[in-house]
Amino acid sequence: MDSVCKTDEKIAADVAALLAPLPTLQQQEYFNKLITSRRCNGIEVKLNETIGKGVYANSEFQEDELILKDEILVGIQHSSNKVDCLVCSFCFRFVGSIEKQIGRKLYFKNLGVSGCCDGDSSESEEDEFVKYNGNEEQCGGSSSSHTTLPEEVVSSLMNGEMALPHTDMFPLPSPLSCPGGCQEAFYCSESCAEADWEGSHALLCTGERSESISREALGEFIKHANDTNDIFLLAAKAIAFTILRYRKMKAEHVDKKAKQSEPKQLLLLEAWKPVSIGYKRRWWDCIALPDDVDLSDEGAFRMQIKNLACTSLELLKTAIFDKECEALFSLEIYGNIIGMFELNNLDLVVASPVEDYFLYIDDLPDTEKEEAEEITRPFLDALGDEYSDCCQGTAFFPLQSCMNHSCCPNAKAFKREEDKDGQAVIIALRCISENEEVTISYIDEELPYKERQALLADYGFSCKCSKCLEDSSSV
């Protein structure tokens, strides 16, 4: 662990360059290009030295109107959720078929495996400190006992040998296996498979075609992340994304037979640019103190979080280290990447077509419904409350991350019926005027004033929106 933590001294200048804010002009150019590529020309990102970035309307939006669909820079499906939902590992669209989705869930359920994390009486004190913000937080499945279907029925459903009525109304793309052979990632299309491979998965794949330097170490890194906090998987994606982008830019530079070689540091800074635009603080400095950790233990808690990150980084470095990108494997960079996700990430949620399917059956005319439910009812009973489990994860969205908070926001993240993948969708809550800032709420804005301020302090600011100013005067 010490060797990882000490690398900063040798590459301090490179680390400082990566963490330095981009010049205002470069940031503005980057966001302008991003907005154009997203085709969301009703907004613009403005940079302010006092409050930082903000998203503003350059045209009027009506209530419930779409403001923005923002593509994921890096995102993950929570490890525990992979039992419940088979989705594309790049865009997070559901894949397979309704039968396959139901069959998988019942198969794992019959094995005693579910998306809900089981408690472990042997967990260490460090586990107690970190679990509140890791995979344990995602536990939400029903613990009720339900009908268990015969194994051969579940297998027939999962393997496509049995068809349920009306599933042709809910077609899903066939799952494509990972081109690297890992049997862990699946895709809805060749384009998603290629984009994910070129974006990060080539280094993070555990299959035979993996470009990692140690598949064994990579497996240990993934296991550690799954056992502690899967935010490490998100950080690994950001590092792999930057390395692969650097290599591609370097190869293109060589192909052009440039007379003057571009300094490696400048290429790395350019490769890092999409990650650099996110607001950052070191994870162990900005992570919220759990309710069950006493203030007197805060120092010990934050040191354990730092040590946990150091252990994760050591495993990742053994798996995918690149000497030319050595600065990315600094604990300072790793901590800031994780802190960026802590402060800027948005829940990744994609509604389940299985829920839509059973709702469709329930809405059929009485005669058709009765006939269909003779077949579907046993499966619904076997699934129980878990029939509606959606895809859940976390992701970093470049434009959404620029939106500032208000306790009386004029916009919100909201998936419409037609939104079937993991993109962030921002909808107007009310009429938004031209040149008005677009704001969202980072917390439950219905909480009392003092609770809101305490939660927002973890983000590093005190809210002074109109609601908070009014509430503060009455406290």
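The values are calculated or read from the model by the stated rules, or taken from the named source; none is laboratory data. If you're wondering where the values come from, they're calculated on a predicted model, not measured in any experiment. Counting neighbours? That spans all protein chains shown, and the Cβs are built from the backbone with ideal geometry, glycine included. For accessibility, only protein heavy atoms count, side chains too; no ligands or nucleic acids. Shrake-Rupley method; radii C 1.70, N 1.55, O 1.52, S 1.80 Å.
How do Lys53, Lys105 rank by accessible surface area computed with a 1.4 Å probe, from largest to smallest?
Ranking Lys53, Lys105 by accessible area, largest first, yields Lys53, Lys105.
What relative contact order, as a whole-number percentage, does region 331-442 give when Cα pairs under 8 Å and 6 or more residues apart are counted?
Contact order relative to length: 31 percent.
With an 8 Å cut-off on Cα pairs and a minimum separation of 6 or more residues, tell me the relative contact order of the chain in percent.
Averaging sequence separation for qualifying contacts and normalising by length gives 26 percent for the chain.
Using the heavy atoms of the protein chains alone and a 1.4 angstrom probe, what is the accessible area of the chain per residue in square angstrom?
49 Å²
Modelling each spin label as a point 7 Å along the Cα-to-Cβ direction, I'd like the Thr50/Ala16 distance in nm, to one decimal.
If labels sit at Thr50 and Ala16, their model points lie 3.1 nm apart.
Taking every DSSP beta bridge that has both residues in the chain, what percent is antiparallel when rounded to the nearest 5?
Of those bridges, close to 95 percent are antiparallel.
Suppose every Lys and Arg Cβ carries +1 and every Asp and Glu Cβ carries -1, with no other charges. What dipole size does the chain come out with about its Cα centre, to the nearest 20 debye?
2600 debye
Take the Cα of Lys248, step 7 Å along the line toward its Cβ, and report every residue of region 304-348 whose backbone nitrogen sits under 20 Å from that point.
320-326, 328
Please give me the summed charge of the neighbours of Glu386: other residues whose Cβ is under 13 Å from its Cβ, Lys and Arg +1, Asp and Glu -1.
-2
Using only Cα atoms, tell me the angle between helix 215-227 and the longest principal axis of the chain; keep it within 0 to 90° and round to the nearest 10.
So the inclination is approximately 80 degrees.
How far apart, in nanometres, would the label points at Val113 and Ala351 be if each is projected 7 angstrom from Cα along the Cα-to-Cβ direction?
So the label points at Val113 and Ala351 sit 2.9 nm apart.
For Glu190 and Asp285, FRET efficiency with R0 = 45 Å and r from the beta-carbon atoms, rounded to 0.05?
Approximately 0.60, to the nearest 0.05.
Using the alpha-carbon centroid of each, what span in Å lies between region 192-235 and region 359-410?
That distance is 29 Å.
In terms of the ratio Rg/(2.2 N^0.38 Å) built on C-alpha atoms, what value belongs to the chain?
Scaled against compact globular proteins, the figure is 1.03.
Ignoring everything except DSSP H segments at least 4 long, calculate the 222 nm mean residue ellipticity for the chain; use -39,500 (n - 2.57) per segment, divide by total residues, nearest 500.
Value at 222 nm, helices only: -13000 deg cm²/dmol.
From the Cα gyration tensor of region 149-243, with a ≥ b ≥ c the square roots of its eigenvalues, which class applies: rounded if a/c is under 1.5, or else prolate if a/b is larger than b/c, or else oblate?
prolate
Highest mean first, what order results for 220-227, 450-457 on Cβ atoms within 10 Å?
The peptides rank, most packed first, as 220-227, 450-457.
Less than 18 Å apart at the alpha-carbon level, and either on another chain or at least 8 residues along: which aspartates and glutamates does that give for Lys109?
Partners found: Asp84, Glu99, Asp118, Glu151, Glu152, Glu355, Asp381, Asp385, Glu386, Asp389.
Quick check: at a probe of 1.4 Å, how many percent of the accessible area of the chain sits on carbon and sulfur atoms?
The value for the chain is 48 percent carbon and sulfur by accessible area.
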